[in-house]
Amino acid sequence: MTGSVDTRPQNITGGVLLIVATALTISIQDVVFKFHSSELTLWQIFALRGVLAVPMLMAVLWLRGAHKGILRAAFGKWPLLRSVFITTTFLAFYAAIPFLSLSTVGAANYIAPIFLMLLSAFVIREAVGPYGLLGVLLGFAGVIVLLQPGTDAFSAWAILPVAGAAFYALAHITTRSKCQDTPLPALALSQTIVMLSAGLIVSGLLVWLRPQGGLAQDYPYIFGQWSDVDLTDWLVLLLLAGLAIVIGMMLAGAYQIAPPAIVSTFEYSYLVFVAVWDIVFFEIAPDFASVSGMVMIVTAGLLVLRRRAI
């Protein structure tokens, strides 16, 4: 994954605005997931949401006359690989949502800028100055303070979004270096199809394996079988399908037009949104460690942004 930095788009303002809007939309989607995680399995949600999202997206493209060549572009090698990375990230993230606060899950996922900074420097040769390195290290320290590993406040479920963060970084480096010329609707369609496929494949495996005993009973959201779907469920799935399309296009667009290390800095705005939702919807107020960790993460973001002046 190599290329000339000078030939890549450098629309910093557009990328920042797009990623903040994306972070807000994702936070709303996550609230819906958390509320609905007791009704359907994770795999059922991914599969049925995809069943709705694919024809919705194709219908929009058809009405806009932008459908020609989209399928071929969506099934290209690099868009599919990017979609696998993104899907792995979201699955890890949403598997942890029922067991942690949104703020904690989000913070665990924000180790991704460390991977992004390193990959930006060594894979696609985008400059990383001392302020950028300091910012990433401070951000990592902020995540540690927020998660409190080694204490009773730490949950093993937090490992999932941390692992997903590595795939998140890989997805955006792939977007930046290999998907510059891929239309945003094609990237969104590819991502939706891969998520749909993941939901169907894992659901099929669970039907075949049929986990029994405590595993299925304790964690039905992950290991349970499909539940009946009523009208309310379908309306929620329709909402999630629409959000998935919007998020897929905005997320890819932000990383197409601006450097990954800069865009990822402003993804931290997600932490502000979910902290508000935790208080409003789930009555979970951040404690001192959470606030301290978030302050460190925001400071780290400002340092990463400042690195461009060096």
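Since every read-out is calculated from the coordinates, none of them should be taken as a lab result. Treat the numbers as computed from the prediction; the structure is a model and nothing was measured. Counting neighbours? That spans all protein chains shown, and the Cβs are built from the backbone with ideal geometry, glycine included.
Summary table below
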{"read-out": "Expected 222 nm ellipticity per residue - DSSP helices of 4 or more, -39500 (n - 2.57), all of the chain, to 500", "value": "-24500 deg cm²/dmol"}
{"read-out": "Cα gyration tensor, the chain - rounded (a/c under 1.5), prolate or oblate", "value": "oblate"}
{"read-out": "Kyte-Doolittle at least -0.5, axis length at least 18 Å by Cα - qualifying DSSP helices, the chain", "value": "12-36, 42-63, 77-96, 130-147, 159-178, 184-209, 231-257, 269-282, 288-306"}
{"read-out": "GNM result for the chain, Cα springs below 10 Å: residue of 90, 282, 115 fluctuating most strongly", "value": "282"}
{"read-out": "Two-site FRET efficiency, residue 51 against residue 159, from Cβ-Cβ distance with R₀ of 45 Å, rounded to 0.05", "value": "0.90"}
{"read-out": "Alpha carbon convex hull of the range 169-310, projected area averaged over orientations, nm²", "value": "12.3"}
{"read-out": "Of 49, 210, 176, the one that fluctuates the most in a GNM where the chain has Cα springs shorter than 10 Å", "value": "210"}
{"read-out": "Of 145, 194, 280, the one that fluctuates the most in a GNM where the chain has Cα springs shorter than 10 Å", "value": "280"}
{"read-out": "Semi-axis lengths, Å, the range 44-100, gyration tensor of Cα atoms, sqrt of 5 times eigenvalues", "value": "27, 16, 7"}
